[in-house]
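Single-structure report; data block below.
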Amino acid sequence: MKKSREQLPTISIITTAFNSNLVTFERVLKSIQKQDYPGDKIEHIVADAGSTNGTVDLAKKYKCKVLIRKDLQEEINARMYEAVRIAKNDIIAIIETDNPLPTIDWLKRMVEPFKEENVFSTYNAFNCLDKEMSLLSRYCALFGVSDPVLYYLGKSEKMSWYNKKYNKGNILKRNASYSVVVFTHKTLPTLGDNGCLIKRKIFLKTKMTAQNFIHLDLFSELLDQGFDTFGAVHNCIFHSTGTNIIGLIQRRLLFRKIFFEKRTNERKYLVYDPSSWKDKINLLKFCFYTVTFIEPLWESIRGYLKLRDVAWFLHPVMCWVFFLGYSKLEIEKIIRKMI
């Protein structure tokens with residue numbers, strides 16, 4: 001049954017930006033503007049870090065509220081937090097400058113699971129795939145990750161395109177539109193970005209501040225408060241990861257340095273938890289699979305047999321690139337300790 005206008009919740013879309021790709025960002029803005037959703041029930045807040053390439057002017061052109069925080073240029077999570085604080089609506093939707101919405105009913109589908117008891121957050125089960133996307137973006141969409149280590153750790157909330165049914169966490173209910181999922185600390189995936197929605201009043205229950213806020217940690221803290229039920233919507237969102245593999249690994253290594261190595265003691269959620277035997281075993285599997293080459297190649301073949309796209313075969317290359325990149329970080333860390 002279609003929801004009436006009165007039943008639809010109000011939405012505050014949060015976008016963090018800094019000298020964004022203007023072509024992709026405008027696609028995002030147009031896709032939001034075209035949504036089959038009451039315009040007076042949507043506000044769009046762009047938390048900008050002081051862009052100089054026209055990002056702010058573009059946001060204003062599409063009637064966005066712009067929060068400029070040059071002091072938080074390197075703190076994307078802090079800008080997200082500050083934007084949520086000034087948001088006014090019932091639901092927070094995190095849509096980034098590289099997340100064009102694929103259909104005009106995307107928002108309606110994303111809010112549908114909130115009618116279920118205890119569901120406080122929703123997210124997409126897949127990343128969208130389009131033949132016009134770059135090879136790298138298609139690879140990330142096909143595997144549901146931008147980092148193959150995350151894939152082997154089993155920490156992504158997105159499914160690979162050769163899986164037809166959502167199978168993360170404990171499935172309480174499944175219908176054609178979405179799955180109701182319960183997570184524990186051991187099964188919680190990497191939530192909070194690229195199309196994730198959350199009830200604002202629950203978001204604000206966090207004890208974190210702008211200075212230590214990290215969207216991954218938010219859901220771990222909320223689990224402690226008893227919020228464990230999510231809606232995995234059986235649709236997708238576009239995520240443009242670019243065309244440069246080296247650029248991608250450099251961004252991932254920077255993320256690891258900032259949010260894992262420098263702030264380990266502050267973190268509530270660890271993508272790789274050194275105290276977890278499951279994570280240790282899965283990381284060893286990734287290393288073994290990468291060095292021996294066979295398993296990543298088989299994953300590529302298996303995917304290609306389900307969906308004909310040569311981007312599947314980027315997987316062995318990506319495994320090696322990330323293996324070498326993370327190995328370099330570990331060696332550097334050992335050397336620093338020895339000096």
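Values computed for the structure shown
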quantity	calculated
Set of segment 51-80 residues, backbone N closer than 11 Å to the point 7 Å along the Cα-Cβ line of Asn19	51-54
Unpartnered cysteines - no second Cys beta carbon under 4.7 Å - across the chain	Cys64, Cys140, Cys196, Cys287, Cys319
Percent of Cα pairs exceeding the 17 Å cut-off, where the set is segment 59-104	45
Cleavage-rule hits, trypsin sites (Lys or Arg not before Pro), segment 288-323, DSSP coil, Cβ neighbours within 10 Å at most 10	Arg308
Candidates Thr122, Thr97, Thr55, ranked by Gaussian network fluctuation over the chain, Cα under 10 Å, top entry	Thr55
List Lys285, Lys333, ordered by accessible area with a 1.4 Å probe, largest first	Lys285, Lys333
Entries in Lys30/Lys63; Lys41/Lys108; Lys63/Lys205; Lys164/Lys186 that, when Cα-Cα distance is taken, lie over 20 Å	Lys63/Lys205; Lys164/Lys186
Mean Cα-pair separation over length for the chain, i.e. relative contact order, pairs under 8 Å, 6 or more apart, %	19
Environment charge at Ile249 (Cβ cut-off 11 Å; Lys +1, Arg +1, Asp -1, Glu -1)	+3
Under 19 Å from the Cα of Lys285 - aspartates and glutamates, other chains or at least 8 residues apart	Asp147, Asp273, Glu295, Glu299, Glu330
Share, in percent, of DSSP beta bridges within the chain that are antiparallel, nearest 5	40
Highest-first arrangement of 105-112, 78-85, where packing means the average Cβ count within 10 Å	78-85, 105-112
Extent along principal axes [Cα atoms of segment 147-222; Å; largest to smallest]	39, 29, 22
Over 21 Å [Cα-Cα, segment 204-339], rounded percent	61
Charge context of Ala87, other residues only, Cβ under 12 angstrom, K/R +1, D/E -1	+3
Among Thr229, Thr52, Thr206: highest mean-square fluctuation, GNM of the chain, C-alpha pairs under 10 Å	Thr52
P(r) of the chain over all Cα-Cα pairs, binned every 10 Å from zero, in whole percent	5, 25, 35, 26, 8, 1, 0
Nitroxide proxy distance, nm - points 7 Å out along Cα→Cβ at Asn175 and Arg251	3.6
Among Tyr304, Tyr139, Tyr178, residue whose mean-square fluctuation peaks in a GNM of the chain (springs only between Cα atoms under 10 Å)	Tyr304
Rg [Å, one decimal], Dmax [Å, integer] - segment 1-138, C-alpha atoms	15.3, 47
Shape metrics for segment 270-339, restricted to C-alpha atoms - Rg then Dmax, Å	15.0, 51
Rounded to whole Hz, the Karplus (6.51, -1.76, 1.60) HN-Hα couplings of segment 292-303, x for glycine and proline	7, 6, 5, 5, x, 5, 5, 4, 5, 5, 4, x
Cα extents of segment 121-188 along the three principal axes, largest first (Å)	36, 28, 21
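The values are calculated or read from the model by the stated rules, or taken from the named source; none is laboratory data. Everything numeric here is computed off the predicted structure, so don't read it as measured data. Every residue, glycine among them, receives a Cβ derived from its backbone with ideal geometry; neighbour counts consider all protein chains shown. Only protein heavy atoms, including side chains, enter the accessible area calculation; ligands, DNA and RNA are left aside. Shrake-Rupley method; radii C 1.70, N 1.55, O 1.52, S 1.80 Å.
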